[in-house]
Structure formats: structure tokens, C-alpha cells
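Bear in mind these aren't lab numbers, they're just calculated from the coordinates by the rules spelled out. All of these numbers come straight from a predicted model, not from anything done at the bench. As a convention, Cβ positions derive from the backbone with ideal geometry for all residues, glycine included, and neighbour counts pool all protein chains shown.
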Amino acid sequence: MANLYGVGVGPGDPDLVTFKAIQIMQKADLIICPEKAKGAGSTALEIVRKHIENRLDHVRLMVFPMAGMKETWEPAWKANAEQIVEAWKTGKEIAFLTLGDPSIYSTWSYLQGYLPKEIKPEWIPGVPAFCAVAARLNHDLVLGDENLAVVSSSEEEAMRSALTWADTLVIMKPKRAIASIRKILVDENLMELWEMVSNCGKETEKIWKGSVEDFPEEIPYFATMILKTGGSDE
């Protein structure tokens, strides 16, 4: 029986796409690239394009909306899943591309609930955005017995709670909570301890760090923030 792969393509730098991911894309009969709206284009496809120039005729864009109520976008997800199952049943090897790693806030992960149990997909890990950001900033995330927390920016209380025990706090998609994050920085006296990278590895990459006054009014969607409060001298 053919395989269905969830392929993590990393945070944005084409050179961070793993060798295994490239191997799978090179053998796949169908390469599925999600886009948020018809004609919006696929970020995942742009990341891997140079690796599959000879196989672009195997690419299929699929719209996976997530905005609004679930009832409004779920029919599209079900229809996409049906297309994937139909292709799988004909014996096609399928690579479903997803940003970063397939296990972290991934379209691929959500898709699993729409697939029948007889399909046993294989997950291909990719470089997570926060690891690429730490490397871009040239420092560690955690050392020794330090603790790491990765949180969504949608819940202010979750961010505050994590700061009570985590030595390093990673905030994914900070665009959604700019005011809350700025308030936390002030309240917790962390004004000098934050760093943020948007579009890591792309030509549009930008790095922010410094005081709370330097915190931007607008943040790109693909941004990751790191608050490192633990002692790294031990």
C-alpha cells in the first residue's frame, strides 16, 4: 500500500529542509502544499521549490481555511481529506508539506482527524521555528536543569503562568497578542530580556531586541519571540 507522509519543511530557509524530506518529495507521486485561501500561494512550496524544480508537475495546492467558525471551514477540510484518501487508494505516494515540524501547531496535525483509520501516515520531522530562531540569535534555549516552555500567544494567563517555572519562554505567533506581551514585559520586569525574529531564514527576516520601547507596533505572522530569564552561567 502507498504511503502518506507529513513532511516538515522547516521555518523558511530552504537550506534547513532535511535530506529525508527532499528524498520523500523526490519520490512522491503527489506533493500537497496548503494555502490559506485560493490564489494566496503556499509558503511551504516556496521554501522547497528549489529542491523540487523537476517535480512541480506533481504539486497540488489545497486551500485549508482556519479563520472564523469551524462550521465555515470544516467542509473544505473534509473535501481535501477525501481527495487525499482517493489518491492514496489509487496507490499514489503522497507528501503533505507543513511548515516547521508536523507535530507543532501544524496543518498536518489537524488533518489527522479527517483521515480514516486504515491510513497509517508517517511523520517526517522538520526544524522547528524556535530552534532556528535560537540559532539565528546565536544562543542556547536551555542549559543544565533549566526548563523550556512553548506557548501560544492567544492566552495571556498561559504566558504569565509559564514564566513562574520556565527559564526560557518561547511565544509562538506573538502577532496575536502584542498589547498583552508588552504588558507582561513591563509587569514582570523583562524589558531587556526579550528577543524576536520574524521570517527566519528568508530575505525579509528581521530581528528585534532591546527595551519595551523597541517592541514593534506590528509583527509579521511568521514571528517567534524568546524570553530567556533563567541563569545560563551555571
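Brief remarks on what is shown
- Partner lysines for LYS20 [C-alpha distance under 19 Å; skip if fewer than 8 residues away on the same chain]: LYS50, LYS92, LYS120
- Separation in nanometres of the label points that stand 7 Å from Cα toward Cβ, at ARG60 and GLN112: 2.3
- Anisotropy class of region 193-234 from Cα gyration tensor, a/c 1.5 cut: oblate
- Over the C-alpha trace of region 1-108, radius of gyration and Dmax come out as 13.4, 39 angstrom.
- Rounded FRET efficiency, nearest 0.05, which uses the C-beta distance separating LYS120 from ARG160 and R0 of 35 Å: 0.30
- Theoretical gain in end-to-end length, VAL142 to ASN3 [0.36 nm per residue, Cα-Cα removed]: 46.4 nm
- Checking the cross-link pairs LYS70/LYS117; LYS38/LYS173; LYS70/LYS173; LYS183/LYS209 against a 18 Å limit on the alpha carbon distance flags LYS70/LYS117; LYS38/LYS173; LYS70/LYS173 as lying beyond it.
- Note on region 107-234: percent of Cα-Cα distances in each 10 Å bin, starting at 0 and stopping at the bin with the largest distance, equals 12, 40, 30, 13, 4, 0.
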